[in-house]
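Colleague: First the structure, which I've put down as structure tokens, then a few questions once you've had a look.
The values are calculated or read from the model by the stated rules, or taken from the named source; none is laboratory data. All of these numbers come straight from a predicted model, not from anything done at the bench. So basically every Cβ, Gly included, is an ideal-geometry build from the backbone, and we count neighbours across all protein chains shown. Keep in mind that these areas ignore ligands, DNA and RNA; they rest on the heavy atoms of the full protein, side chains included. Shrake-Rupley method; radii C 1.70, N 1.55, O 1.52, S 1.80 Å.
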Amino acid sequence: FAHLSVREFLEKRPEFIEAATNCLAAQICLLDLISIAPNTAAQRFMCEYGQDLVGEPSLSKAFSRYSNIYWTRHCQLAAEERTRGTLRDIFLFFLGNEADPTSPFAIWSCQVPNLVGGGIEWDLKQKLLDVKAESASTVFLAGSFDFPEILETKQGAQIPLAKLTNSQGADIFLVCTRCGSCK
């Protein structure tokens, strides 16, 4: 903006606070990732949210890469906005049914090793690599990005945390400690 006072004015408006803007960015990124999942549950979900993206490739390759890498950061910065409303619904759907190889989360987690090439901040790269596990990747996602609501779901509550290790050999408690996930 041309003048600092205009920027200050807009930053004080509720629709432009950091959590609200990151909430919107997280929703768009997650919808993009859900839209490319080749399963009927994802197609139904996209129809419910009125999106015309079902079955279509991402709008552009660059945005698809952005969605794959930064949806986690936007969800993290959305803070409390992530636990209610539309973002909560989209977030929980995205994470659901990780055992199905055609689910949005399973497709995303398979792509993680290919995403962490050059141009990504080191801490984000490490967090993304920590998510990769044979099973219970959503638990490692919770530990890497401090998403405690994942562990509060029925699926997360049934997992014996002490026995979990990721593809790098780190257990969930080490991942939480390394990433500063206190919750």
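Colleague: With the requirement that a residue be touching a residue at least 60 places away in the same chain (Cβ under 8 Å) and open to solvent by 30 Å² or more (accessible area, probe 1.4 Å), what does region 74-84 give you? Explain how you work it out, then say what you get.
Modeller: Keep residues of region 74-84 that are touching a residue at least 60 places away in the same chain (Cβ under 8 Å), which gives 75-76, 79-83.
Selection gives GLN76, ALA79, GLU80, GLU81, THR83.
Yes or no, residue by residue, for (1) modelled with pLDDT under 90; (2) over 17 Å from the mean Cα position of the chain (by Cα); (3) not in a helix (DSSP H, G or I):
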{"site": "THR21", "(1), (2), (3)": "yes, no, no"}
{"site": "GLN27", "(1), (2), (3)": "no, no, no"}
{"site": "ILE34", "(1), (2), (3)": "no, no, no"}
{"site": "ALA37", "(1), (2), (3)": "yes, no, yes"}
{"site": "SER58", "(1), (2), (3)": "yes, no, yes"}
{"site": "ALA62", "(1), (2), (3)": "yes, yes, no"}
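Colleague: Another one. May I ask you to list the residues in region 162-176 that are open to solvent by 80 Å² or more (accessible area, probe 1.4 Å) and within 11 Å of PHE145 (Cα to Cα)?
Modeller: Those that are open to solvent by 80 Å² or more (accessible area, probe 1.4 Å) and within 11 Å of PHE145 (Cα to Cα): none in region 162-176.
Colleague: Applying the selection to region 131-164, what residues are at pLDDT 75 or above and hydroxyl-bearing (Ser, Thr, Tyr)?
Modeller: Of everything in region 131-164, those that are at pLDDT 75 or above and hydroxyl-bearing (Ser, Thr, Tyr) turn out to be SER137, THR138, SER144.
Colleague: On to the next question. What are the residue pairs meeting all of these: first residue in region 124-145, first residue touching a residue at least 60 places away in the same chain (Cβ under 8 Å), second residue outside any helix (DSSP H, G or I) and hydrophobic (A, V, I, L, M, F, W, C), Cβ atoms under 8 Å, and 6 or more apart or on different chains?
Modeller: These pairs meet every condition: LEU141/PHE147.
Colleague: Determine whether region 112-123 contains at least one residue that is within 27 Å of PHE16 (Cβ to Cβ), open to solvent by less than 40 Å² (accessible area, probe 1.4 Å) and over 12 Å from the mean Cα position of the chain (by Cα). Before the answer, list the steps.
Modeller: Of all residues in region 112-123, those within 27 Å of PHE16 (Cβ to Cβ) come to 120-121, 123.
Imposing the further condition that a residue be open to solvent by less than 40 Å² (accessible area, probe 1.4 Å) reduces the set to 120.
With the extra rule that they be over 12 Å from the mean Cα position of the chain (by Cα), the set shrinks to 120.
Looking for residues that are within 27 Å of PHE16 (Cβ to Cβ), open to solvent by less than 40 Å² (accessible area, probe 1.4 Å) and over 12 Å from the mean Cα position of the chain (by Cα), one finds at least one in region 112-123, hence yes.
Colleague: Another question, if that's okay. If you take the residues of region 103-155 that are in a helix (DSSP H, G or I) and among the polar types (S, T, N, Q), which of them is nearest to VAL175 (Cα to Cα)?
Modeller: Restricting to residues being in a helix (DSSP H, G or I) and among the polar types (S, T, N, Q), the top hit is SER144.
Colleague: Determine which member of the set ALA26, ALA42 is in contact with a Cys (Cβ under 7 Å, 6 or more places away or on another chain) and either touching a residue at least 24 places away in the same chain (Cβ under 8 Å) or open to solvent by 60 Å² or more (accessible area, probe 1.4 Å) (or both). Break it down into steps so the answer makes sense when it comes.
Modeller: On the way: ALA42 fails: in contact with a Cys (Cβ under 7 Å, 6 or more places away or on another chain).
Unique residue meeting the criteria: ALA26.
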